[in-house]
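Single-structure report; data block below.
The values are calculated or read from the model by the stated rules, or taken from the named source; none is laboratory data. This is a predicted model, so every value here is computed, not measured. Cβ sites come from the backbone with ideal geometry, for glycine too, and all protein chains shown count toward neighbours.
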Amino acid sequence: MPKLATVATKILLYVNNTSIIVTNPSLENFETQLNKIFGDINNWFKINQLALNYNKTHYLQFNMKNSRDYVLKLNYQGNYVKRSTNTKFWGLIIDDTLSWKAYIEKMMSKLNSACFVIWTVQAIMSQETLRMVYFAYVHSVMIYLIIFCGNQPQREKVFKIQKQVIRIITNSRARDSCRELFKKLEILPLYYQYIFSLSIFMIKKIRFVFHKLSDP
């Protein structure tokens, strides 16, 4: 199936899911191109004695917030594909404006659950053990693809949960400043973690580019 992709089309296969990314600066040409690749994929399914499940197939159209909404008509032999405002993609919830709102809300739900667990066991665990629990159940969730959503306005809600967890670990009061608590536990606040993760990402990319340029 990946061989069906054209220059402006990318097909991504992951376990039992297939994602098709199509780009075109012209909306009219974009719809034509999209229907062509969709027809090619349906033909590929038929040749391989497979069938596309239209109930589980949808498309996500990325738009700028102030751009004109253009309703695509994606179909094959009278079978139309429904439009969705968000979708799951490799563990992320991506919406059609790339606001990351749905993903951050899901992340906050996980962090709140982790916060409750840490609050429950705080009385029977040492601070060092609680710090390990923090990295396992809070830090791991918080930094997953943080370079994409760490600069969004909703990050303040996530930071609020992080501070709450830090206060629980250190047995501090609700109004105590977290500045020294972060230093004591050697844990980076959310925004600093975002800057650090972004820096590491850029360094790896720069090294990759220089490596490619140095190849004979």
Inside region 118-131, can you point out the residues that are surrounded by 12 or more Cβ atoms within 10 Å (Cβ to Cβ) and within 21 Å of Pro189 (Cβ to Cβ)? Ile118, Trp119, Gln122, Gln127, Leu130, Arg131
State all residues of region 1-51 that are at pLDDT 80 or above, of a type in the set (A, V, I, L, M) and outside any strand (DSSP E or B); if no residue qualifies, say none. Leu34, Ile37, Ile41, Ile47, Leu50, Ala51
Taking Arg207 and the conditions (1) more than 20 Å from Ile143 (Cα to Cα); (2) out of contact with any helix residue (DSSP H, G or I) (no Cβ under 8 Å at 6 or more places or on another chain); (3) modelled with pLDDT of 90 or more, which numbered condition does it fall short on, given that it satisfies the others? (3)
In region 114-128, which residue that is of a type in the set (A, V, I, L, M) and in contact (Cβ under 8 Å) with a residue 12 or more places away in the chain is nearest to Ile161 (Cα to Cα)? Ala114
Can you confirm whether region 76-92 contains a residue that is farther than 30 Å from Tyr54 by Cβ and out of contact with any Ser or Thr (no Cβ under 9 Å at 6 or more places or on another chain)? no
